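A short write-up of the structure that comes next.
The values are calculated or read from the model by the stated rules, or taken from the named source; none is laboratory data. Here the structure is a predicted model, which is why all the values come from computation and not from measurement. Please note: Cβ atoms are built from the backbone with ideal geometry, for glycine as well, and neighbour counts cover all protein chains shown.
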């Protein structure tokens with residue numbers, strides 16, 4: 001039974017640093033910590049690695065944390081526990097899911113010399129496995145909670161690196177607001193905040209057209225990115241698309257940013273669909289939303305789409321247009337739900 | 001009122017060369033000829049030119065003529081006619097459509113010194129403007145009829161060149177069966193037959209999801225192909241995809257050819273969707289058919305998709321599987337009709 005989510009207090013995007021220091025001190029004493037992290041939606045996408053083990057990306061990327069969606073994870077390093085124990089949304093998880101969490105915790109244990117297994121409980125308030133970056137929030141929260149529970153005082157950059165090793169785009173869920181993740185080496189490839197969550201009244205309307213688990217997850221997908229003949233062109237162009245997106249983001253210029261994020265999305269899905277094997281993440285309703293977005297703009301509704309590795313479409317607009325976009329999206333055949341979120345704060349420890 | 005189509009006799013893919021010679025002699029005497037040409041479906045796509053005026057393609061392409069679809073065009077060079085007159089499917093056409101036909105006829109008139117305007121009547125037995133290459137059949141038939149009516153005895157290569165100048169892919173509708181169109185200069189960029197229509201019992205099932213005229217036609221599309229950052233990679237890879245496709249075609253090896261034609265289609269639509277402005281030809285039902293094709297193959301039904309500049313999907317399979325593919329396609333929501341065709345013969349003069 002999920003129990004964590006129901007207990008957390010109303011969220012603020014602002015984080016009290018004194019409180020974080022106090023929570024970290026307590027976590028170190030008790031070998032136990034709870035952290036919250038938001039998923040993020042990429043405006044410039046991560047797809048493909050130059051090093052799969054270290055999850056060093058082929059290109060830099062840029063994203064927005066999603067305030068209203070979150071994962072809460074608690075980590076307790078327990079004496080006498082034989083191996084790590086993981087529960088996700090109240091269900092015990094073993095196999096590859098547990099192995100991946102253990103690998104992240106091992107990075108922490110190696111650093112500290114701590115010789116204890118951990119009990120990990122994780123809960124999210126949004127559907128997993130459908131193109132909302134659930135693993136990003138999960139590994140960002142795991143890294144923050146795990147490091148604190150092990151008594152490890154890490155900088156934001158070090159936490160971002162740790163999260164990246166667990167799930168690439170998780171590094172972008174560690175800093176606040178709008179984040180840029182640089183390509184680089186194991187030390188330098190981390191995310192930093194370009195602007196806080198209050199920089200811009202942007203909204204992400206997550207148009208849910210399927211809640212099925214996708215048949216090929218992102219980790220598998222990254223490994224076949226290089227089999228597409230389009231991946232070199234994608235990587236070569238990412239830097240300039242990111243620069244254009246960053247500049248427009250800082251200027252709060254959606255009319256300039258929007259076409260760049262749509263193009264970047266199309267190019268990523270082109271790589272997916274032209275790989276060996278090809279990955280077709282789009283559903284008929286995905287295409288309906290893509291087409292509708294172009295039509296809405298012709299009708300003076302300023303909204304742009306982006307799509308992660310799944311069928312659901314993220315519609316990006318300013319807050320004032322969110323009600324009209326939501327209403328229009330809900331009228332499209334095949335749309336099951338629309339989740340709405342503004343820009344979110346950083347991954348952080350929470351009182352528990 | 002359409003009148004040509006109803007009068008033509010049952011078609012054969014075989015062409016009697018003696019009859020062609022006789023028809024050409026009569027056409028030269030009467031300044032009047034009627035020709036029939038099939039549209040073609042490209043397995044390796046043409047998208048983008050190195051010379052828009054001469055329609056010299058950025059890359060070589062490969063296609064199959066469609067026996068059961070055709071355009072019949074009659075050209076009469078008349079004394080005393082002030083300017084060319086065009087009717088398509090019984091409706092008088094002026095403006096850009098007429099200008100384009102006049103430009104093709106001018107190439108013939110310049111060659112022969114003939115100083116007469118022409119009356120052109122053209123009819124097709126398939127819907128135009130929806131990703132079935134209607135202009136290919138139209139300009140192939142116009143070239144064959146126009147040259148004959150002007151008394152110009154051209155080789156197949158010369159007719160293919162003439163058709164190319166009217167509408168690039170029309171050059172592939174001039175020779176018989178399965179045709180390859182080489183990139184090159186104005187003299188060398190023509191199509192030749194790789195194999196006759198009887199080489200392979202292949203079927204094209206044209207899955208109609210929309211009969212609307214597309215908002216951006218192919219000529220406009222070719223002109224913005226270069227605005228996509230993916231076009232250089234598409235062009236660079238076309239030669240090797242064509243070689244793989246040609247080899248598999250000659251070996252009648254659909255399991256090898258199919259994935260190549262799907263990849264080539266995806267790459268062309270990736271260029272379209274990532275251009276400036278982007279062109280989104282796919283509809284929701286297009287995506288449904290793409291996804292269904294992958295599912296059918298998992299269920300051991302060997303069929304592959306290809307899509308031209310429009311929303312309709314061409315499903316390619318061997319004749320023995322066509323009934324099962326047709327039945328499955330008709331069950332998909334949004335599918336309006338399925339046209340079926342085998343490989344067709346060359347553009348030729350017909351008795352009229």
Go through the residues of the stretch B:204-225 one by one and say whether even a single one is surrounded by fewer than 22 Cβ atoms within 10 Å (Cβ to Cβ), within 14 Å of chain A (Cβ to nearest Cβ) and over 30 Å from residue A:295 (Cβ atoms). no
Condition check: surrounded by 24 or more Cβ atoms within 10 Å (Cβ to Cβ), touching a residue at least 60 places away in the same chain (Cβ under 8 Å) and either out of contact with any helix residue (DSSP H, G or I) (no Cβ under 6 Å at 6 or more places or on another chain) or within 20 Å of residue A:24 (Cβ to Cβ) (or both). Does residue A:184 satisfy that? no
Which numbered condition trips up residue B:195, out of (1) in contact (Cβ under 8 Å) with a residue 60 or more places away in the chain; (2) buried (at least 18 other Cβ atoms within 10 Å of the Cβ); (3) more than 13 Å from chain A (Cβ to nearest Cβ)? (1)
Within the stretch B:322-350, take every residue that is free of Cβ contacts under 8 Å to residues at least 40 places away in the same chain and outside any loop (DSSP other than H, G, I, E, B) and give me the one that is nearest to residue B:15 (Cα to Cα). B:323
In the stretch A:41-85, anything closer than 23 Å to residue A:24 by Cβ and outside any loop (DSSP other than H, G, I, E, B) is listed as A:65, A:71, A:72, A:73, A:74, A:75, A:76, A:77, A:78
Over the stretch A:282-297, the set of residues more than 11 Å from chain B (Cβ to nearest Cβ) and farther than 24 Å from residue A:241 by Cβ is none
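Among A:148, A:141, A:153, which is in a helix (DSSP H, G or I), over 14 Å from the mean Cα position of the chain (by Cα) and closer than 21 Å to residue A:29 by Cβ? Steps first, please.
On the way: A:141 fails: over 14 Å from the mean Cα position of the chain (by Cα); A:153 fails: in a helix (DSSP H, G or I).
One residue alone meets the criteria, A:148.
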Count of residues meeting criterion [buried (at least 23 other Cβ atoms within 10 Å of the Cβ) and either at the interface with another protein chain (Cβ under 7 Å from one of its Cβ atoms) or over 25 Å from residue B:307 (Cα atoms) (or both)] in the stretch A:270-281: 2
Complete set of residues in the stretch B:1-37 that are farther than 22 Å from residue B:152 by Cβ and in contact with a helix residue (DSSP H, G or I) (Cβ under 6 Å, 6 or more places away or on another chain): B:13
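Pick from A:261, A:267: which is in contact with a strand residue (DSSP E or B) (Cβ under 9 Å, 6 or more places away or on another chain) and crowded, with 22+ Cβ neighbours inside 10 Å?
Values: A:267 fails: in contact with a strand residue (DSSP E or B) (Cβ under 9 Å, 6 or more places away or on another chain).
Selected residue: A:261, the only one of A:261, A:267 that is in contact with a strand residue (DSSP E or B) (Cβ under 9 Å, 6 or more places away or on another chain) and crowded, with 22+ Cβ neighbours inside 10 Å.
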If residue B:302 meets every condition in (1) more than 12 Å from every other protein chain (Cβ to nearest Cβ); (2) over 26 Å from residue B:141 (Cβ atoms); (3) loosely packed, with under 15 Cβ neighbours inside 10 Å apart from one, which number is that one? (3)
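With respect to residue A:256, determine if the residue is in contact with a strand residue (DSSP E or B) (Cβ under 6 Å, 6 or more places away or on another chain), farther than 23 Å from residue A:136 by Cβ and assigned to a helix (DSSP H, G or I).
Taking the combined requirement at face value, the residue does not satisfy it.
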Given the conditions (1) touching a helix residue (DSSP H, G or I) at 6+ places or on another chain (Cβ under 8 Å); (2) assigned to a helix (DSSP H, G or I), which single one is not true for residue B:282? (2)
Among (1) touching a strand residue (DSSP E or B) at 6+ places or on another chain (Cβ under 8 Å); (2) part of a helix (DSSP H, G or I); (3) surrounded by fewer than 21 Cβ atoms within 10 Å (Cβ to Cβ), residue A:111 falls short only on (1)
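Does residue A:277 satisfy being within 30 Å of residue B:241 (Cα to Cα) and at pLDDT 95 or above? Outline the logic, then answer.
Working: within 30 Å of residue B:241 (Cα to Cα): yes; at pLDDT 95 or above: yes.
For residue A:277, the condition - within 30 Å of residue B:241 (Cα to Cα) and at pLDDT 95 or above - is met.
For the stretch B:242-263, name all the residues that are touching a residue at least 24 places away in the same chain (Cβ under 8 Å) and within 9 Å of another protein chain (Cβ to nearest Cβ). Walk me through how you get there before you give the answer.
At the first step, the residues of the stretch B:242-263 found to be touching a residue at least 24 places away in the same chain (Cβ under 8 Å) are B:242, B:245-246, B:249-250, B:252, B:254-255, B:257-262.
B:259, B:262, listed by residue number.
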What do you reckon, is residue B:14 assigned to a loop (DSSP other than H, G, I, E, B) and free of Cβ contacts under 8 Å to residues at least 40 places away in the same chain? no
How do the pairs read when you match residues in the stretch A:230-241 that are at the interface with another protein chain (Cβ under 9 Å from one of its Cβ atoms) and without any contact (Cβ under 8 Å) to a residue 60 or more places away in the chain with residues anywhere that are surrounded by 23 or more Cβ atoms within 10 Å (Cβ to Cβ) and assigned to a helix (DSSP H, G or I), using Cβ under 6 Å and keeping only pairs 6 or more apart or on different chains? A:230/A:270; A:230/A:271; A:230/B:233; A:233/B:233
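Quick check on this structure: which one of A:326, A:320 is away from chain B (no Cβ under 14 Å), surrounded by fewer than 23 Cβ atoms within 10 Å (Cβ to Cβ) and touching a strand residue (DSSP E or B) at 6+ places or on another chain (Cβ under 7 Å)?
Just a single option satisfies the conditions, and that option is A:326.
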With the requirement that a residue be within 25 Å of residue A:151 (Cα to Cα) and at pLDDT below 70, what does the stretch A:9-25 give you? A:9
